[in-house]
Each structure stands twice: as C-alpha cells, then as structure tokens.
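Nothing in this text is a laboratory measurement; each read-out follows from the coordinates by a stated rule. The shown structure was predicted, so the numbers you read here are calculated from the model rather than taken from an experiment. As a convention, Cβ positions derive from the backbone with ideal geometry for all residues, glycine included, and neighbour counts pool all protein chains shown.
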Amino acid sequence: MVGRWWLSEAELQYWLSTAESVNYTTVRGAYKMAPLTLDELSQSPNTMLFLGKSEPYACYVIKYGVGAFKTMHRDPPLVGSSKLHHQRMVCLLQNAGEGGQLTIDGHDELFLPRDAIIFRADTSDHGVSQVLRGERIILTVGKLVESDG
C-alpha cells in the first residue's frame, strides 16, 4: 500500500450526489460502474491534489449491490510505455451493511466513508468480497506515474 488519503465532508456529499446522477454500466452481472469526466473530478479539491499534474486514468464511481464482488486482480497500465505504473486512489463513499471488504495483497483494508487508500494497482493484488447486505459505493481515480529508473 502506498498510503492513505481523504475527502472533506463537502466532497463526500458531492460524490454521493454524483453517484445518484451518473449513468452506470453493469459489469459481468455484478457491480455497476460509471466513468467520470475531468469536469466532475475538478469539483473535488482532494481528488485533484491526488492527481497533481497527472492526467486522470480510468476514473469511476462504482456501486456494489447485494451479491456483487470483484475477484483478486491487478490493473496494468493499458497505455504508454513500460516505464509507467498505475497508481490508484479508492475512496469509500458508502459502506455496505455487510460484506464488500477491500483486500490488498492479502490484507483487509479497514476504512470509513471519506477515507481513501492509495496503492499500486499494477503490482498489488486487490479485490472486494461479496456484498451480503446494503450497497457499497466507491470513487476510484487512477493516474499513470513514471517509474524511477
């Protein structure tokens, strides 16, 4: 894991409102995801601080309803050279009532709404356990960063 991040209460409310108004696509019959525009991202100062001078890469609001999960996986950069790595911020907007646990490299990551985790999505195995009750909503923002060396 690279580190922790956060959103302000106003940003949390903005993203929860956005989560209710965007168009979702269901992925493999499990979770729903909606791509985000730079204009939407720019309304969130802490999201923009995370991005810095990097272009946003694969940015979504994702909803996990009852029964939804994401198997353990890695997300290699799909564009650019081998000198780029994929850094990702996952911010919890709403906890599921039960289930929906994020695991990174074998560790369950505990965090509350507004909390975020930043990690290397291209080298870290990560996934989400099955939601048993309620709905889990996340903001996920990626960026491609040049590797050292």
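Computed quantities for the displayed model
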{"quantity": "Shape call, the stretch 1-106: gyration tensor on alpha carbons, a/c limit 1.5", "calculated": "rounded"}
{"quantity": "Computed [θ] at 222 nm, deg cm²/dmol, the chain (DSSP H ≥ 4; -39,500 (n - 2.57); rounded to nearest 500)", "calculated": "-4500 deg cm²/dmol"}
{"quantity": "Nitroxide proxy distance, nm - points 7 Å out along Cα→Cβ at Glu146 and Asp39", "calculated": "3.2"}
{"quantity": "Euclidean distance between Cα centres, the stretch 108-131 to the stretch 3-63, Å", "calculated": "15"}
{"quantity": "Highest-fluctuation residue, Leu110, Leu84, Leu36 considered, GNM on the chain with Cα pairs under 10 Å", "calculated": "Leu110"}
{"quantity": "Dipole moment magnitude, nearest 20 debye, the stretch 3-146 about Cα centre, only Lys, Arg, Asp, Glu C-beta charged", "calculated": "260"}
{"quantity": "Number of Lys pairs (Cα under 14 Å; 8 or more positions apart or on different chains) in the stretch 3-146", "calculated": "4"}
